[in-house]
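See below for the structure under consideration.
Derivation of every value follows stated rules applied to the coordinates shown; laboratory data play no part. From a predicted model like this one, the values you see are computed outputs, not experimental measurements. Reconstructed Cβ throughout: ideal geometry from the backbone, glycine too, with neighbour counts over all protein chains shown.
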Amino acid sequence: MDRRRLALVIALAFVAFVVGATGHGRQLRSEREALGFMQMDQERGWPQPLHEIWQADRVSLGAGSAVAAVAGVGAAVAMGAGVGMAALAALLWAPTIGFVVAAGASVLRAQAVSPSGAALLALAALCLAASMRLGLRRRPSS
């Protein structure tokens, strides 16, 4: 892979990660506000419903990221994309997928959608798909 294409793959993956994390956070805020908690005060501690949201979110984020990491590394290896793409799959693509999965779980729990969070998650998915498409393109046979 030439340097310009590699730079584009990494840049798209990084943008997807940052935008996905932001969209995930906005969706969690929407879930919290749907329960009537408009602000958080870390010093006073978390009410039980917010603690339950946090625990459920960590499970969905961790599970989504772990499954995506195994699948992404497997795909990179199977397609002969190299160690660099396998690392990118584990370190940026997988957590981005985890953010999208966790945000989807939040929507299902709360039955509330953050419009800005949804737009950011859609942008993250688009950047992620482009990064994966460019990064996992099969090498031409010699």
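Yes or no, residue by residue, for (1) in contact (Cβ under 8 Å) with a residue 60 or more places away in the chain; (2) within 12 Å of the chain's Cα centre (by Cα); (3) within 14 Å of Ala13 (Cβ to Cβ):
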{"position": "Leu28", "(1), (2), (3)": "yes, no, no"}
{"position": "Pro49", "(1), (2), (3)": "no, no, no"}
{"position": "Ile53", "(1), (2), (3)": "no, no, no"}
{"position": "Leu123", "(1), (2), (3)": "yes, yes, yes"}
{"position": "Cys127", "(1), (2), (3)": "yes, yes, yes"}
{"position": "Arg133", "(1), (2), (3)": "no, no, yes"}
| message | Please go through (1) in contact (Cβ under 8 Å) with a residue 24 or more places away in the chain; (2) surrounded by 13 or more Cβ atoms within 10 Å (Cβ to Cβ) for Ala86 and return the number of the only condition it doesn't satisfy. | response | (1)
| task | Return the residue satisfying two criteria in turn: it lies in segment 102-140 and is in contact with a Ser or Thr (Cβ under 6 Å, 6 or more places away or on another chain) and surrounded by fewer than 22 Cβ atoms within 10 Å (Cβ to Cβ), and of such residues it is nearest to Leu91 (Cα to Cα). | result | Ala105
| remark: Checked Leu91, Leu12, Leu50 against criteria (touching a Ser or Thr at 6+ places or on another chain (Cβ under 8 Å) and either surrounded by fewer than 17 Cβ atoms within 10 Å (Cβ to Cβ) or on the phi < 0 side of the Ramachandran plot (or both)); the one match is Leu12
| remark: Selection from segment 83-121 of residues over 25 Å from Ala7 (Cβ atoms) and either among the hydroxyl-bearing types (Ser, Thr, Tyr) or within 16 Å of the chain's Cα centre (by Cα) (or both) yields Val101, Ala102, Ala103, Gly104, Ala105, Ser106, Val107, Ser114, Ser116, Gly117, Ala118, Ala119
